[in-house]
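> My questions will all concern the structure given below.
The values are calculated or read from the model by the stated rules, or taken from the named source; none is laboratory data. If you're wondering where the values come from, they're calculated on a predicted model, not measured in any experiment. We place every Cβ from the backbone using ideal geometry, glycine too, and count neighbours over all the protein chains shown.
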Amino acid sequence: MPHDLIVALGDRHYRVERPFGSWPQNTGFVTDVTVDARGHVFVMLRHDPLVHPADPRVIELDPEGHHIAGWGGNDIADSHMLTATASGHLIAVDRDMHEIIWFTPDGRRVGQLGQRGRPNSPFNHPTDVSIAPWGDIYVSDGYGAALVHRFAPDGRHLQSWGGQGSEDGQFVWPHSIWTFADGRVVVIDRTWNRVQVFDGEGQHLETWYDFYQPVGIWGDAEGNAYITDMVPSLTKIAPDGTRIGRCRPMLNGAHGLYGTPTGDILLAEGNPSRITRLKLLG
């Protein structure tokens, strides 16, 4: 008899469905997921760039998970995070090439930040990117640095903040980032088991604890933050920092996550490699 797994985040209940989606078998494993305004799902896959340089890094699925296309093998070496923008572009974080790359939905490269293959120009193995509702671009630079970089919409570097350390405003491993319409910039500080909240100019506002190696973040239109960690758990936090709910919908943890236009939540699991869908009920 099949099991029916139901989880709750506050007053919202979800059915756990996995695996969600299908695509041609290849060597990659899932590292992130994002959704565009049409509801199309884009799954980021990580490969060894020296062994499988041309295998697809991004898989496009329709809203119900049917395979449409795969691309990115010639442009992305080391897949880390992927985000859809309001303008209809997709932005990929190429961690080991020290580059943030803009693509059209069909995989055509149209822009970048950083200098490919050149560390500290300005990135040193960046981790994530967020386009703020006010237009600025924020990049967490976590594997070789401990910084957040802020850029103007035209790509001009405006500031960097952070630095290695455990004090407020410093980072050990800034792994993921999200920006909210109320001006908050929320940064996952993975190794230090905390989440830091800043204003748009890097002024520290508060710190959230009660996580074990937090990994990914997504924010909804109401200003709530959804955070995955390696317990593994998914936590929903209100704009004022109050915890709304927590559940355990994945087996070993989700490296990334994103919400759909219909209210579902997609989780990017790396072990085993798959997408889990939390289907909103009622």
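> Could you list all residues from region 215-233 that are assigned to a loop (DSSP other than H, G, I, E, B) and either of a type in the set (V, I, T) or under 16 Å from V185 (Cα atoms) (or both)? If you could, list the steps in order and put the result at the bottom.
Applying the first criterion (assigned to a loop (DSSP other than H, G, I, E, B)) to region 215-233 yields 215, 220-224, 230-232.
Selection gives V215, D220, A221, E222, G223, N224, V231.
> State yes or no: is L278 touching a strand residue (DSSP E or B) at 6+ places or on another chain (Cβ under 9 Å) and not in a loop (DSSP other than H, G, I, E, B)?
Working: touching a strand residue (DSSP E or B) at 6+ places or on another chain (Cβ under 9 Å): yes; not in a loop (DSSP other than H, G, I, E, B): yes.
Judged against the criteria, L278 is a match.
> If a residue counts only when it is out of contact with any helix residue (DSSP H, G or I) (no Cβ under 9 Å at 6 or more places or on another chain) and under 22 Å from G169 (Cα atoms), which strands (runs of 3 or more DSSP E) contained entirely in region 39-155 have at least 1 such residues? Please lay out each step first, then the result.
Values: elements: 41-46, 58-61, 67-71, 79-84, 90-94, 99-103, 109-113, 128-131, 137-141, 147-151.
Passing ranges, in order: 128-131, 137-141, 147-151.
> Please give the number of the condition R248 fails out of (1) touching a Leu at 6+ places or on another chain (Cβ under 8 Å); (2) free of Cβ contacts under 8 Å to residues at least 24 places away in the same chain; (3) not acidic (D, E).
Against the list (1) touching a Leu at 6+ places or on another chain (Cβ under 8 Å); (2) free of Cβ contacts under 8 Å to residues at least 24 places away in the same chain; (3) not acidic (D, E), R248 comes up short only on (2).
> Please work out which one of (1) over 17 Å from the mean Cα position of the chain (by Cα); (2) under 22 Å from D48 (Cα atoms) is the condition E99 fails and give its number.
Checking E99 against (1) over 17 Å from the mean Cα position of the chain (by Cα); (2) under 22 Å from D48 (Cα atoms), the one that fails is (1).
> Scanning region 118-169 for residues that are acidic (D, E) and crowded, with 23+ Cβ neighbours inside 10 Å, which turns out farthest from I101 (Cα to Cα)?
So the residue we want is D141.
> I would also like to ask the following. Kindly indicate whether Y258 is assigned to a loop (DSSP other than H, G, I, E, B), modelled with pLDDT of 95 or more and not basic (K, R).
no
> How many of the residues in region 234-245 are surrounded by fewer than 19 Cβ atoms within 10 Å (Cβ to Cβ) and part of a strand (DSSP E or B)?
Total meeting the criteria: 3.
> Is it fair to say G270 is farther than 28 Å from G28 by Cα and under 17 Å from the mean Cα position of the chain (by Cα)?
No: the conditions fail for G270.
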